[in-house]
Amino acid sequence: MTMKHFTGRAAVLGALVASAFAANQAVAQQQEQRVFGETAARGNGIGLHTPNLDVALYGLIDVTLSTANNIDAVGHRRTNFQKPWFSGPRWGVIGSRALPDGAPNLIFKLEGEYLLDTGEEDTPGVLFNRDAWVGFQGETMGKLTFGRQNTLARDFSHIYGDPYTASGQVTLDEGGWTNTNNFKQLINYAASATGTRYDRGVVWKKQFGPFVAGAGYQFASDPGTPTSPGRGGKNSTQSAALAWNGGVFNASGFVNHANIQGFSHKSWSLGGNAGLGSMTRVYAGYFHYDAEQAAIGSRTDKAWTVSLRFAPPGKLDYEAGFVNIKADNGGLSSKGFILDGYKDTSGVTTGVTGKKTTLYGSIFYHFDRSTEVYLAADHMSLKEGWKDPRSFGLMSQNEIAVGIRTRF
């Protein structure tokens, strides 16, 4: 074969491969919204689609460079890369398999998080620390999943916890919330015995017209421990939630209970959002939290938030918000800092009353639906006995951050 003929055939072969890949991507993009709602929120993914199986490999990359004061007990400033402000970098596989005889689809998701500044796992030694579940989904039964996944309360409260859910609606997919900043603490009132994700969790969600209902249960970490009346098994969680998607106005709420090392933790929340014209949406919500503590009695937290998203035509949008948290008899850690909600209180010996407020804002420039850059800032202020680990016991902290976020 001459070099000319070889080059010509190689060019034809390359064109065929490129055409096939482009066609597959086009089909994937058409099906992504229908089959992979959770993936579509992150990007189109790289899809494999057959008559009975849809699988996508997807990812999200977020890198943040920030500067913050009071990053140690003597008030030094740090300017460096940090855990991303808005989204934990992740990669994952999500799939749906059609089952015979009219059965609901089998669905699954495996998702891991990593740190972009070092490349290491976010949770060392745990490959799929964000999601590792399998379940079923159908029109009649809704969505039922088993394994590690978001808490139910987290998924229903994210539509008012901050202004970063543009649609303002609860779906059957897992919800958002921001990643690492001084206004994320509200998410801890929607947590479980294992943080803001269930280990050994079972979650059911179903849409009834404009309503979405849900129930969640986390099995105890010690199967040998008997269940206590009103408390459940040790390190177990129970939750129920309801949402209404009205479009212009949306609302949701939850009730939540966990047994953490034998101590009862419970919370409830209610909130929503409303569109003010085509460019503006306002978000607001309230959280109430009670926890038993060793030696010093119960703790009660009351928290509320209000925020705003302004998205005029074009590539820019703007967000601003305010968080107010008041703790009565809030237990302190061994280092003297107030504990977040749903943390182990079995060793608490000292409680304080205090208040934390955070004012924050952000600006996004969107290159397209998958890639954006952002500028964000917050100001945290502490009063009375509240000592926060984020500012190492000092009474305030200011942060400014810039970042890049892209999805595939």
Residues that are touching a residue at least 12 places away in the same chain (Cβ under 8 Å) and open to solvent by 60 Å² or more (accessible area, probe 1.4 Å), drawn from region 271-305: M279, Y286, A295, S298, K302, W304
Output for region 317-346, where each listed residue is small (G, A, S) and closer than 26 Å to A376 by Cβ: A320, G321, A327, G341
Out of G75, G88, G102, G95, sole residue that is open to solvent by less than 10 Å² (accessible area, probe 1.4 Å), over 16 Å from L116 (Cα atoms) and among the small types (G, A, S): G95
Where residues in region 232-270 are in contact with a Ser or Thr (Cβ under 6 Å, 6 or more places away or on another chain) and part of a loop (DSSP other than H, G, I, E, B), which of them is surrounded by the most Cβ atoms within 10 Å (Cβ to Cβ)? N235
Tally up the residues in region 104-122 that are modelled with pLDDT of 95 or more, of a type in the set (G, A, S) and in a loop (DSSP other than H, G, I, E, B), please. 0
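For (1) under 21 Å from the mean Cα position of the chain (by Cα); (2) within 23 Å of S396 (Cβ to Cβ); (3) without any contact (Cβ under 8 Å) to a residue 12 or more places away in the chain, each residue gets a yes or a no:
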site: R309; (1), (2), (3): yes, no, no
site: P312; (1), (2), (3): no, no, no
site: D317; (1), (2), (3): yes, no, no
site: A320; (1), (2), (3): yes, yes, no
site: A327; (1), (2), (3): no, yes, no
site: K335; (1), (2), (3): no, yes, no
site: I338; (1), (2), (3): no, yes, no
site: Y342; (1), (2), (3): yes, no, no
site: S346; (1), (2), (3): no, no, no
Any idea which residue in region 123-151 is modelled with the lowest pLDDT, counting only those that are of a type in the set (V, I, T) and closer than 30 Å to T305 by Cα? T123
Determine which single condition Y198 fails, assuming it passes every other condition in (1) open to solvent by 10 Å² or more (accessible area, probe 1.4 Å); (2) part of a strand (DSSP E or B); (3) among the aromatic types (F, W, Y). (1)
Please verify whether G314 is open to solvent by 50 Å² or more (accessible area, probe 1.4 Å) and either part of a strand (DSSP E or B) or of a type in the set (G, A, S) (or both), treating the condition exactly as stated. yes
Take R42 and decide whether it is open to solvent by 50 Å² or more (accessible area, probe 1.4 Å), at pLDDT below 50, basic (K, R) and out of contact with any His (no Cβ under 6 Å at 6 or more places or on another chain). no
Taking interchain pairs and intrachain pairs at least six residues apart, which have beta carbon atoms under 7 angstrom, with the first residue in region 382-394 and touching a residue at least 24 places away in the same chain (Cβ under 8 Å) and the second assigned to a strand (DSSP E or B) and of a type in the set (S, T, N, Q)? L382/S396; E384/T353; G385/T353; R390/Q397; S391/Q397
Pick from region 152-181, criterion of a type outside the set (G, A, S), buried (at least 24 other Cβ atoms within 10 Å of the Cβ) and over 9 Å from the mean Cα position of the chain (by Cα), ranking: modelled with the lowest pLDDT: N181
Within region 189-202, identify whether any single residue is under 13 Å from the mean Cα position of the chain (by Cα) and at positive phi, and answer yes or no. yes
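The values are calculated or read from the model by the stated rules, or taken from the named source; none is laboratory data. Please read these numbers as outputs of a predicted model, since none were measured by experiment. Virtual Cβ from ideal backbone geometry, glycine too; neighbours counted across all protein chains shown. Quick note on the areas: whole protein, heavy atoms, side chains included, nothing else; ligands and nucleic acids left out. Shrake-Rupley method; radii C 1.70, N 1.55, O 1.52, S 1.80 Å.
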